[in-house]
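The values are calculated or read from the model by the stated rules, or taken from the named source; none is laboratory data. Only a predicted model underlies this, so the values are computations on that prediction, with no experimental measurement involved. Note that each Cβ is placed from the backbone with ideal geometry, even for glycine, and that neighbours are counted across all protein chains shown.
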Amino acid sequence: MRDLERERAADALAKVKALEKRPSSFKARYRSYVDRLGAAVVMNGLGQALATEMAAAGRDADGEDKAAHRTLAENVCAWLSRPDGVYPGAEDVMHQITSSDQDDYLRAQMETLAWLTWHKKFCRASLPKECDT
C-alpha cells in the first residue's frame with residue numbers, strides 16, 4: 001500500500017510540475033477547481049463530478065477557464081487509466097465509469113479522492129490563489 005501511496009504522490013506532483021509554464025491566471029483557476037473537485041466527488045459521485053468538469057471545459061479548450069477544467073479532467077482520467085489503474089488503458093474513462101460494475105466505480109471514486117488529496121496539497125504549495133480582480 002505504501003508504494004501505491006508514493007505512486008499517487010509522484011503522479012500528483014508531476015501533474016502540478018507540468019503546469020509550471022502556464023500563465024498565473026490559468027494556474028490559479030486550476031488550483032481553485034482542484035480544491036472543489038473532492039467535495040463534488042463526495043457529494044455527487046465521481047461520474048457526475050467528472051462530467052461537470054468536462055462540461056465546464058466545453059468541446060474546445062478555448063480560454064484559460066475552459067482549459068483549466070479540461071486539464072483537471074484529463075489529469076483525473078490519466079490517473080484512472082494508467083496501466084495499473086482502475087480502468088487500465090481506457091481511452092474513454094467516462095464510458096468506463098458508466099459501464100463498469102459498482103465495485104470498479106467505487107474503487108475509481110476512492111482512487112480519485114486519494115490522488116486528489118496529494119494533488120490538492122501540491123497545488124496549494126505551488127500554484128497561486130485565484131485573485132478577485
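Quick one: is LEU72 more than 15 Å from the chain's Cα centre (by Cα), modelled with pLDDT of 95 or more, part of a helix (DSSP H, G or I) and within 24 Å of GLU7 (Cα to Cα)? Before the answer, list the steps.
Details: more than 15 Å from the chain's Cα centre (by Cα): no; modelled with pLDDT of 95 or more: yes; part of a helix (DSSP H, G or I): yes; within 24 Å of GLU7 (Cα to Cα): yes.
Against the criterion (more than 15 Å from the chain's Cα centre (by Cα), modelled with pLDDT of 95 or more, part of a helix (DSSP H, G or I) and within 24 Å of GLU7 (Cα to Cα)), LEU72 does not qualify.
Just one of the numbered conditions (1) farther than 20 Å from LEU4 by Cβ; (2) among the small types (Gly, Ala, Ser); (3) touching a residue at least 12 places away in the same chain (Cβ under 8 Å) is not true of ALA39: (3).
Residues are listed down the side, and each one gets a yes or a no for (1) assigned to a helix (DSSP H, G or I); (2) of a type outside the set (A, V, I, L, M, F, W, C); (3) at pLDDT below 95:
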position	(1), (2), (3)
MET43	yes, no, no
VAL76	yes, no, no
VAL86	no, no, no
HIS119	yes, yes, no
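Looking at the range 81-133, which of its residues are surrounded by 16 or more Cβ atoms within 10 Å (Cβ to Cβ), β-branched (Val, Ile, Thr) and over 16 Å from ALA49 (Cα atoms)? Result: VAL86, single match. Among residues that are over 17 Å from ARG107 (Cα atoms), surrounded by 18 or more Cβ atoms within 10 Å (Cβ to Cβ), over 11 Å from the mean Cα position of the chain (by Cα) and free of Cβ contacts under 8 Å to residues at least 24 places away in the same chain, ALA57 is included. Name the single residue, out of those in the range 21-36 being among the charged types (D, E, K, R) and free of Cβ contacts under 8 Å to residues at least 60 places away in the same chain, that is surrounded by the fewest Cβ atoms within 10 Å (Cβ to Cβ). Here the residue is LYS21. Look at LEU46 and say whether it is crowded, with 16+ Cβ neighbours inside 10 Å and touching a Phe, Trp or Tyr at 6+ places or on another chain (Cβ under 6 Å). No. Against the test of being under 24 Å from GLU5 (Cα atoms) and small (Gly, Ala, Ser), the options ALA49, ALA55, ALA28, ALA67 yield a single qualifying residue, ALA49.
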